[in-house]
Amino acid sequence: MKKIKNIPKFDRPREKLQKKDAQALSNLELMAALLGKGVKSRDVFRVAKDVLKVTENNFDNLTVEKLEKVDGIGLAKACQILSAIELMKRLLTKDDVKIKTAKDIVKLVEELKERKQEYFLTFTLDGGNNLIRERTVFIGTLNQSLVHPREVFADAITDRAASIIFVHNHPSGNLTPSREDKLITERLIKTGDIVGINVLDHIIISKNGYFSFKAEGILEGKNTTG
């Protein structure tokens, strides 16, 4: 068995990655680094080799059950591999995301539903409604004195964005926009008009779903840009 401890330290996957970078590792070494160790009857490289055979050109149809058929892969390792693949796919495709409805944004911020603090995010878009960048602008209780239009739009101007969408969560689960939420939105819309960046929507998200200012008609008559 080709045990990690029997390999010269500078040739071990994780040490090699640390000293050089991930690009210096072969696919086999990358998978071995992800798995960490093998099992009693099989070293990590043998397990990694079999996993690569299963995953090769088959990412879209890969399941926990298929991975568990590999000798040395249990539920925990299968979930670890699938999570790494899904994260990679999301990061690689995020730049090509086209925003058509509020649901397209909600899909990108599902984790906000479980957050215990309020988060205020911005999504900048180009003229074709393609996502340029997502940013967390503020964390804490949302109020007008803390959400500065200058900070919110500074990055949007740098991005040369045509439009912007705001998102924040309600840890309480209540989706009804507060008076403060409405005042902040109006203030940001006015700033958007001044700098020429259209405010497309303000979305409130919670464990109970989401609320779209645009879908509810709250933005109508307030936005003069675009």
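Taken together, the values in this text are just the output of simple stated rules run on the coordinates, not laboratory data. Everything quoted here is computed from the prediction, not taken from an experiment. No Cβ is skipped: glycine too gets one built from the backbone with ideal geometry, and neighbour counts run over all protein chains shown.
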Karplus 3J(HN,Hα) series, Hz, for segment 35-45 with 6.51 cos²θ - 1.76 cosθ + 1.60 (x for Gly, Pro): 6, x, 7, x, 10, 4, 8, 9, 6, 4, 6
For segment 107-123, Karplus couplings with θ = phi - 60° (6.51, -1.76, 1.60), whole Hz, Gly/Pro x: 4, 7, 10, 3, 5, 5, 4, 9, 6, 8, 10, 7, 10, 10, 10, 10, 10
Mean Cβ count within 10 Å, highest first, over the residues of peptides 28-36, 76-84, 109-117: 28-36, 76-84, 109-117
Label point distance in nm, residue 208-residue 136, each placed 7 Å from Cα along Cα→Cβ: 2.5
Restraint check, 16/40; 53/100; 77/113; 20/66, Cα-Cα greater than 31 Å: 53/100; 20/66
Fraction of antiparallel bridges per DSSP, segment 97-212 only, in percent to nearest 5: 70
Vicinal HN-Hα couplings computed from phi for segment 127-133 (Karplus, 6.51 cos²θ - 1.76 cosθ + 1.60; Hz; Gly/Pro x): x, x, 6, 8, 5, 8, 7
Using a Förster distance of 45 Å, the FRET efficiency for residue 176-residue 21 (Cβ separation, nearest 0.05): 0.40
In nm, spacing of pseudo-spin labels at residue 69 and residue 183 (7 Å Cα→C-beta vector): 6.2
Length released on extending from residue 86 to residue 154, taking residue separation times 0.36 nm less the Cα-Cα span: 21.3 nm
